[in-house]
1. Checking the condition modelled with pLDDT of 90 or more and among the basic types (Lys, Arg), which residue from ARG83, ARG65 passes?
2. Filter the range 158-210 down to residues that are in contact (Cβ under 8 Å) with a residue 40 or more places away in the chain and outside any strand (DSSP E or B) and give me whichever is surrounded by the fewest Cβ atoms within 10 Å (Cβ to Cβ).
3. Would you mind listing the strands (runs of 3 or more DSSP E) fully within the range 1-96 where at least 1 residues are in contact (Cβ under 8 Å) with a residue 12 or more places away in the chain, among the basic types (Lys, Arg) and open to solvent by less than 90 Å² (accessible area, probe 1.4 Å)?
Amino acid sequence: ELSDAERTRMHQIIGSGVHPLPTFEIVPVENSTEPGKGCYVIVVAAGPRQPYAVAVNDGYRYPRRIGPSIGYLTEPEIETAYRRRDAARRDQAARAVEIEQVISNRLDHDNPWIMVSLVPDHPGQAPMEAATFKEVRDLYQGSKANPLVVGSMTGWRQVQPAQHRYLLDDRLSQDRNAKNMAAELYVDGAGVYAMTAPAFWKDGETNLVRFSDEKVVLILL
């Protein structure tokens with residue numbers, strides 16, 4: 001029987017028995033000859049959080065698929081898997097710092113900036129050609145398509161291609177640095193968004209800046 005109750009039950013079993021919890025979706029597949037009946041497909045996204053532990057009796061084991069059977073990782077294999085997970089996290093963090101440093105070269109540094117960067121678990125490779133550049137430019141340039149939660153600012157005035165990425169900013173001319181906001185969208189799925197933090201007080205002697213905490217939170221969101 002296909003029902004919301006059954007899907008909820010499976011969610012609870014997976015949630016209580018698998019750690020860390022993977023990203024997954026439970027998809028009902030109805031039998032065309034028997035409405036209301038069928039099977040479920042549990043789709044698990046590939047991710048960087050391996051190894052996954054499964055509760056067995058009073059402890060945890062680390063299963064892996066071996067053809068049609070299930071085997072379990074040995075202690076050296078578990079140690080190797082954790083080292084691989086940590087290395088992937090360090091690589092993501094290093095990439096985030098890298099793309100933030102790249103965009104900082106295009107920013108006017110008279111005021112402080114807030115940056116939010118994203119690096120995918122599994123990098124992709126989107127095509128970068130005339131047709132796709134036109135789609136990106138038509139989507140952003142001259143529009144109000146910016147990620148602000150509350151309020152409005154100028155839209156993206158400049159949308160340019162660069163090496164493996166698209167450059168977005170609010171410059172009136174290309175010989176100036178961005179004053180209020182900028183973004184860089186990479187073809188592998190990484191991206192960084194930068195916006196000036198609105199300061200309402202600055203001490204010229206100590207260089208201390210006072211911010212509106214609410215506005216800072218909205219920028220981050």
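The values are calculated or read from the model by the stated rules, or taken from the named source; none is laboratory data. Since we're looking at a predicted model, the values are computed, not measured. Note: ideal-geometry Cβ built from the backbone for every residue, glycine included; neighbour counts use all protein chains shown. Just the protein is used for accessible areas: all its heavy atoms, side chains included, with ligands, DNA and RNA removed. Shrake-Rupley method; radii C 1.70, N 1.55, O 1.52, S 1.80 Å.
1. On the way: ARG65 fails: modelled with pLDDT of 90 or more.
Answer to the selection: ARG83.
2. Once the filter is applied, the top-ranked residue is ARG176.
3. 34-44
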